[in-house]
Amino acid sequence: MCIVLNPHCKLEQKASWLKQLKKWNSVDVCPWEDGNHGNEVPNLTNALPRGENANQDSSNRPHRTVFTRAIEACDLHWQDSHLQHIISSNLYTNYCYHDDTENSLFDSHGWPLWHEHVPTACARVDALRSHGYPREALRLAIAIVNTLRRQQQKQLEMFQAQKKELLHKGVTSITNLEGLVGHPLDPIGTLFSSLMEACKVDEESFHGFSDFTGYH
């Protein structure tokens, strides 16, 4: 995913990688993403495209291999205007924004949010870091963390509002079926590394990196 998410990867390069990934993916001995459990483990990544197999019953759906996420990531791009603004500026805020819906673009403090499948969003952070854009990776990582904090707060408010009803049903927490700890894309590790790296590196050391412009 880090390779195909290179923000400056040309279309022909991505097409070449996609062809190679599909070739590797079709090999009989290609490892499954979920080990040897096969279709017993549900397909939990809901934010990436599924193509012609999107509506198939899980028992008939092809096994997900270690290359499936990278193949799906070939459909991702960097052209979203909100994403570009998040990455390109430390000053991208909106203190007059009062939209409090689930997919709000900014939080109550005016800081930008990024509502993408968290492991996929963190894979973008990893790709930015790997291709020489530490400042851009840090900005996106902060937006992801702010989004997670806001989601946690909303879930807590919802739980408190429906506490009696949820406890009566035996529900004690609101969880994400695809856990972030131990995830194959290591989203928590990516966020931690990005934030800790920023804490240790002096601001002057960033002057050697060029600005991130011209997303593809």
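At a glance:
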quantity	calculated
Segment VAL29-SER193, extension gain: residue separation times 0.36 nm, minus the distance between their alpha carbons	55.7 nm
Highest-first arrangement of 127-140, 12-25, 104-117, where packing means the average Cβ count within 10 Å	127-140, 104-117, 12-25
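Here, each number is a calculation from the coordinates, and none is a lab measurement. Predicted model, so just to flag it, every value in this text is computed and none were measured. Glycine gets a Cβ as well: all are built from the backbone with ideal geometry, and neighbour counts include every protein chain shown.
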